[in-house]
Amino acid sequence: MTAEPLPEHPDFLWRNPEPRTSYDVVIVGAGGHGLATAYYLAKNHGITKVAVLEKGWLAGGNMARNTTIIRSNYLWDESAAIYEHALKLWEGLPAELDYDFLFSQRGVLNLAHTLQDVREGVRRVNANRLNGVDAEWLEPDEVAEVCPILNVSPRTRYPVLGGTFQPRAGIAKHDHVAWALARRADELGVDLIQGCEVTGFLKDGDRVVGVETSRGRILTGRVGLAAAGHSGVLARLAGFRLPVQSHPLQALVSELHEPVHPTVVMSNHVHVYVSQAHKGELVMGAGVDAYNGYGQRGSFHVIERQMAAAVELFPVFARAHVLRTWGGIVDVTPDASPIVGSTPVENLYVNCGWGTGGFKATPAAGWTFAHTIATGEPHPLNAPFALDRFTTGALIDEHGAAAVAH
Amino acid sequence: MLLITCPWCGPRDETEYHYGGQAHVPYPQNPAELSDAEWAEYVFYRDNPKGPFAERWVHSTGCRRWFNVLRDTATYEVLASYRPDEPRPGGNR
């Protein structure tokens, strides 16, 4: 077996235009969500006088710092609906964008190591099926068939008692996803402007009318924030608060190996998640560091625990070397669900709070956020994820239920 | 790895502690009079600054006491640690 070669890039991906003095819509943040929002604003709503402003370089934040896992096996109806919409879009996007970003539906296993894990997993499988999401409960011998390198011996510290499996889940090449969306958005007329930090918001009363940036003032009718870990900072600049806390989330990759790992394995209990990238690196993630931080790095002991768990589950990894570690900054909400919708500032919309799960949601976040910005109204899929749920109490509590700890 | 100074035990590795979020969040003085929006503020909304942040830590594997730390969330520099009955160094709550 040999690793798949990466596809060639098109020569031309996007222009690097100077910012104009005004746009119909300004999106803050040229990560996956910002790019997808711009793409769907143009494609679904015909709004092309759009700028996507990025303080660093395109897709250099969390889009470049995640573990690329795509799945929709969420517990609650609202979550299953939006993540399953994303998964269906993922299934069509490589053809639609005419760009092979190596979307690989190799399945995701979520392991159970305790009786309570088993009960939670079976419940989630049933909930998934009721929502039209593909899901199976696997006994330990079936888990070993899906992933033969996984240690399902009963003599480990936390034996594998079974697992949920979503066959349609998988991974994609994250950078290529961003470039694919950027190229199409650019072709449709969207200005992607890198090295352009938003430093303030221009308001007329309670209504936003523009942004101040490191490259000058830009007037606009509507603003969409899609800045992940920095959403709280931007909200403060705009004069309101968000119920988000920014945390470092670390991941790492090994050196390259022959293909050994056929699926994605996640374990909430011992807390590691592992897949093998197309080139051959073992990609591993863990939970967030407990403290607030914006430093794009985290604590060593989190890596140590995640590696210990990985080696116990995959004895074959024991001699693999770590090649690279990195951290992203995720914005975590009290109910571990995103916030997509309007804010106390008129014409200023926010897409944030995706916590550790933003990458998989990229197309649906863009789809629904574009709808909200274009129409001023929530899309049925993002209506439950409004900011006012923290006042009404209609929370969508995916803590624990989301098949990963935050 | 953060090196955090417990006011009672001295400097210890981050692994000896657990995090408790923002410090100096007072319980509402008149809970019965709070609106839903004010309750939401108290229960769900916390500051999330990029820069100095006063936060709570508990020395779980040491003296098991809570205390406050002033830490820069951009650089991770621990600027000060102090007892819960002491004010935030440098003011600003």
>> Counting pairwise Cα distances across the range A:1-60, what percent come out greater than 13 angstrom?
In response: 69 percent
>> Normalised radius of gyration for the range A:55-146, please: alpha carbon Rg relative to 2.2 N^0.38 Å, two decimal places.
In response: 1.30
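Which net charge results for the neighbourhood of A:Val146, defined as the other residues with beta-carbon distances under 15 angstrom from its beta-carbon, given Lys and Arg at +1 and Asp and Glu at -1? All intermediate terms of the calculation are to be shown ahead of the outcome.
Details: positive: A:Arg71, A:Arg106, A:Arg168; negative: A:Asp134, A:Glu136, A:Glu139, A:Asp141, A:Glu142, A:Glu145.
Within the 15 Å Cβ shell, the charges total -3.
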> Tell me, what is a quarter of the convex hull surface for the C-alpha atoms of the range A:76-194, in nm² with one decimal?
Replying inline: 9.8 nm²
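For the range A:191-255, what class follows from the C-alpha gyration tensor (a ≥ b ≥ c being the square roots of its eigenvalues): rounded when a/c is under 1.5, otherwise prolate if a/b is larger than b/c, else oblate?
Values: a/c = 3.13, a/b = 1.63, b/c = 1.91.
Oblate shape, in that a/c is at least 1.5 and b/c is the bigger or equal ratio.
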> What value, in deg cm²/dmol to 500, does the helix sum -39500 (n - 2.57) over DSSP H runs of n ≥ 4 give at 222 nm once divided by the residues of the protein assembly as shown?
Replying inline: -8000 deg cm²/dmol
>> Calculate log10 I(q)/I(0) of chain B for q = 0.10, 0.18 Å⁻¹, where I(q) comes from the Debye formula with a single equal point scatterer on each Cα and nothing for solvent.
In response: -0.30, -0.84
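Which links in A:Lys55/A:Lys173; A:Lys55/A:Lys279; A:Lys43/A:Lys173; A:Lys88/A:Lys203; A:Lys43/A:Lys360 stretch past 32 Å when you go from one Cα to the other?
Exceeds cut-off: A:Lys88/A:Lys203.
Could you sort B:Val69, A:Val302 by their accessible area in this structure, using a 1.4 Å probe and putting the largest first?
These residues rank, largest area first, as A:Val302, B:Val69.
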> Rounded to the nearest whole Å², what accessible area per residue is found for the protein assembly as shown with the 1.4 Å probe?
Replying inline: 41 Å²
> Using alpha carbons only, how many degrees (0 to 90, rounded to 10) separate the axis of helix A:358-375 from the longest principal axis of chain A?
Replying inline: 30 degrees
> To the nearest 10 degrees, how steeply does helix A:115-130 sit against the main Cα axis of chain A, on a 0 to 90 scale?
Replying inline: 50 degrees
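Output the relative contact order of chain A, whole-number percent, from Cα pairs under 8 angstrom with separation of 6+ residues. Spell out each step's value before the answer.
Values: 972 pairs, mean separation 96.4, N = 406.
Once normalised by length, the contact order is 24 percent.
Please give the charge dipole size of the range A:278-387, origin at the Cα centre, charges +1 on K and R Cβ atoms and -1 on D and E Cβ atoms. Round to the nearest 20 debye. Could you put the intermediate results ahead of the total?
Numbers: 6 positive and 8 negative charges, 98 e Å.
With only Lys, Arg, Asp and Glu charged at Cβ, the dipole is about 480 debye.
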> Ranked from the most accessible area to the least, with a 1.4 Å probe and all protein chains present, what is the order of B:Asp72, A:Asp335, A:Asp11?
Replying inline: A:Asp11, B:Asp72, A:Asp335
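Rounded to the nearest 20 Debye, what is the dipole magnitude of the range A:1-148 about its Cα centre when Lys and Arg each give +1 and Asp and Glu each give -1 at the C-beta? Don't skip to the answer; put the middle values down first.
Numbers: 13 positive and 21 negative charges, 144 e Å.
For this selection, approximately 700 debye.
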> To the nearest 10 degrees, how steeply does helix A:174-187 sit against the main Cα axis of chain A, on a 0 to 90 scale?
Replying inline: 30 degrees
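Give me the percent of the accessible area of chain A that comes from carbon and sulfur atoms, probe 1.4 Å, all protein chains in place. Mind dumping the intermediate values first?
On the way: 7950 of 15200 Å².
The C+S portion of the solvent-accessible surface of chain A is 52 percent.
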> Which of A:Gly285, A:Thr333, A:Ala320 sits closest to the plus end of the dipole of the range A:276-346, meaning its Cα is farthest towards the positive end, when Lys and Arg get +1 and Asp and Glu get -1 on the C-beta?
Replying inline: A:Ala320
> For the protein assembly as shown, what proportion of DSSP beta bridges, expressed in % and rounded to the nearest 5, is antiparallel?
Replying inline: 75 percent
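What does the charge dipole of chain A about its Cα centre add up to, to the nearest 20 debye, if the Cβ of each Lys and Arg holds +1 and the Cβ of each Asp and Glu holds -1?
On the way: 33 positive and 42 negative charges, 140 e Å.
Dipole about the Cα centre, nearest 20: 680 debye.
Nearest 100 Å², what total accessible surface is buried between chain B and chain A (probe 1.4 Å)? Show your work: numbers first, answer last.
Numbers: alone 6340 and 16300 Å², together 20390 Å².
The B and A chains share an interface burying roughly 2200 Å².
Relative contact order, percent, of chain B when contacts are C-alpha pairs under 8 Å separated by at least 6 residues?
Values: 142 pairs, mean separation 26.2, N = 93.
Once normalised by length, the contact order is 28 percent.
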>> Along its three principal axes, how long is the range A:239-375 when you only count alpha carbons? Whole Å, largest extent first please.
In response: 55, 29, 24
>> Out of all Cα-Cα pairs in chain A, roughly what percent, to the nearest whole number, are more than 39 Å apart?
In response: 15 percent
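The values are calculated or read from the model by the stated rules, or taken from the named source; none is laboratory data. Computed from a prediction, not measured in an experiment: that's the story for all the values here. Using ideal geometry, Cβ is built from the backbone for each residue, glycine included, and neighbour counts are taken over all protein chains shown. Just the protein is used for accessible areas: all its heavy atoms, side chains included, with ligands, DNA and RNA removed. Shrake-Rupley method; radii C 1.70, N 1.55, O 1.52, S 1.80 Å.
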